[in-house]
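I have placed the structure first, in the form of structure tokens, so that the comments after it can refer back to it.
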Ligand SMILES: [Zn+2]
């Protein structure tokens with residue numbers, strides 16, 4: 001089976017919500033900054049009062065690579081990307097598409113979840129079907 005992430009104490013709550021099909025973004029209660037990855041203090045002001053806010057679930061494709069070979073369980077070709085969430089933070093994620101050669105920078109994306117055993121893995125897919 002494809003691997004799943006191993007949460008740390010700082011990321012467990014975020015991954016628990018992913019497992020429920022909810023994408024959240026950490027936000028600092030002191031300065032209002034959104035950030036990723038999840039951590040126990042704000043990377044902007046050092047504040048330690050952090051909340052997980054439900055994300056819009058939309059993002060923009062900033063950069064990607066199309067892998068022509070992959071480890072066991074990954075069907076090539078598949079795309080890995082840097083996406084920018086509507087809330088601002090950027091993250092690495094897989095792109096769910098049947099034709100990664102059709103991907104273009106700046107296309108709007110939406111969050112989707114792949115079932116892996118009793119866990120879920122966050123992916124993004126183009127909002128509009130590829131041409
Ligand atoms: Zn802050």
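The values are calculated or read from the model by the stated rules, or taken from the named source; none is laboratory data. Please read all numbers here as calculations on a predicted model, not as lab measurements. Heads up, the Cβs are rebuilt from the backbone with ideal geometry, glycines too, and the neighbour counts pull from every protein chain shown.
Things to note:
- Screening the candidates 15, 74 for the property of being closer than 16 Å to residue 111 by Cα, out of contact with any strand residue (DSSP E or B) (no Cβ under 7 Å at 6 or more places or on another chain) and away from the ligand (no atom under 14 Å from the Cβ) yields one hit, 15.
- Among the candidates 43, 100, the residue that is out of contact with any helix residue (DSSP H, G or I) (no Cβ under 6 Å at 6 or more places or on another chain) and within 16 Å of the ligand (Cβ to nearest atom) is uniquely 43.
- Any strands (runs of 3 or more DSSP E) falling wholly within region 1-87 and containing at least 2 residues that are closer than 18 Å to residue 112 by Cβ and in contact (Cβ under 8 Å) with a residue 12 or more places away in the chain: 24-28, 58-67, 78-85
- Count of region 104-131 residues, restricted to those that are in contact with a strand residue (DSSP E or B) (Cβ under 7 Å, 6 or more places away or on another chain), at pLDDT 95 or above and assigned to a loop (DSSP other than H, G, I, E, B), is 3.
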